[in-house]
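One structure below.
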Amino acid sequence: MDQIIYLDNAATTALSPEVLEAMLPYMQEQFGNPSSTYSYGRTTRSAIERARRSVAQILGVKPTSIYFTSGGTESNNTAIASAVRDLGCTHIITSPIEHHAVLHTVEHYSKAKGILYSFVQLTADGEVDYEDLERQLAEQARDGKKCLVSLMHANNETGALLNIEHVGDLCRTYAAVFHSDCVQSIGHYPIDLAECGVHFASAAGHKFHGPKGTGILYVAENVYASPLIHGGGQERNMRAGTENVYGIVGFAKALELAMAHYGPERAHITALKEQLKRRLLETIPGVSFHSPDNSLYTVLSVCFPDNGQNDMVIMQFDMSGVCVSGGSACSSGEDSASHVMKALGRTACATVRFSFSKYNTSADIEKAVDAAKVIFHKSKLELA
């Protein structure tokens, strides 16, 4: 088989060589436990704090507001748990197209703690209806309830973007706590978290060429939060467990590189996305797109015409040497349409998510288009 084309970068990205180079000393020579007081421990402790300062500076916040975690799922869980347990939130406003790390956590606290929740309405493009969000916030405020708003900055399946500053303003107006899952946006956009008005924000290193198993939770400096994981005093008593030193170093280096090269890399990836849209429209009759115009530049969700074999399309792309997905990698075991497509009422077509990185090329896009032509031409012949 020819070289495999990887177009599922919203699921995970390749570790960049520069990030691996930064990590290697802490995987080999500098292996000390950062809680130890002798030289090996002090060296790794210093590396963690340098990484924290770097991440905080890039995100426009103080180092003391950044906590290192195992990734987006842990960070989302910690933020929601803290909002309920420490900040007294009794109602959660979220959306039906959030990542399961948010939806399942909200459902858990609804069952375990009796926390009520509601979904904000969505527009036809799958974006948040801000008027409905304000209506719900005003209603909860009138009833004397403290709200948590948990809305993702960029949807991981359609790429739909949230006006995070506007939501931050609404939450300030109605004294609500604001958590945003920024897993698909931090590392892809310059973001000043202090200006956004978020109380909590989550990120994961493997979405922007950093290592898997690393992430951050941002907690605004005026917010009290207690740990989700107990057993030690690490991360200023916020997260027990020996720190993943080389992962933390890798996260910081990956974020530094992503923001240093943001302009040209965004231009390159945007051109690939536009090329794929144009070529699919030229070659596949009836194709359309789930991704709205205002969407994440790294993601294109495509609605291929129903060919009677929708559940086989991802496998057919794989057999053609092209790695794509139907939606979130965390939902890849599901046989039916994803919860996002169900919520948007878009289950009558074969949904394929293409997601791009700086390592993709124009030739990769043409290979994907060629695969689509074969898959859908063959399907039509078999159905005839």
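Odds and ends about this structure:
- Shown in residue order for the stretch 294-299 are the 3J(HN,Hα) couplings computed by the Karplus curve 6.51 cos²θ - 1.76 cosθ + 1.60 at θ = phi - 60°: 8, 9, 4, 6, 8, 10 Hz (x for Gly and Pro).
- SER180, SER46 arranged by Cβ crowding within 10 Å, fewest neighbours leading: SER46, SER180
- In sequence order, the stretch 211-222 has phi-based couplings of x, 5, x, 10, x, 9, 10, 8, 10, 4, 5, 8 Hz under the Karplus curve 6.51 cos²θ - 1.76 cosθ + 1.60, θ = phi - 60°, and Gly or Pro positions carry x.
- Calculated P(r) of the chain - Cα pairs past 27 Å, %: 50 percent
- The mean sequence distance of close C-alpha pairs (under 8 Å, at least 6 residues apart), as a share of the length of the stretch 17-260, puts its relative contact order at 27 percent.
- Taken over the stretch 16-73, the percentage of Cα pairs per 5 Å bin, counting from 0 up to the bin with the maximum distance, is 4, 17, 20, 24, 23, 11, 2.
- Rounded to whole Hz, the Karplus (6.51, -1.76, 1.60) HN-Hα couplings of the stretch 143-157, x for glycine and proline: 7, x, 9, 8, 9, 9, 9, 10, 9, 6, 6, 9, 5, 6, 9
- Among beta bridges that DSSP assigns inside the chain, antiparallel share in %, nearest 5: 55 percent
- Least to most buried among MET27, MET238 (fewest other Cβ within 10 Å first): MET27, MET238
- At full extension, ASN237 and ALA260 could sit 5.1 nm farther apart than now, given 0.36 nm per residue minus the alpha carbon distance.
- Sequence-distant residues sharing a close amide H with ALA160 (under 5 Å, placed H): ASN155, LEU296
- As a proxy for reagent exposure, ASP129, ASP192 were ordered by neighbouring Cβ count within 10 angstrom, fewest first; the result is ASP192, ASP129.
- Note on the stretch 78-164: Cα-only Rg and Dmax are 12.7, 36 Å.
Computed from the coordinates by the stated procedures, all read-outs in this text should not be read as laboratory data. Note that this is a predicted model, so its numbers are computed, not measured. In this analysis, Cβ positions are derived from the backbone assuming ideal geometry, glycine residues included, and neighbour counts consider all displayed protein chains.
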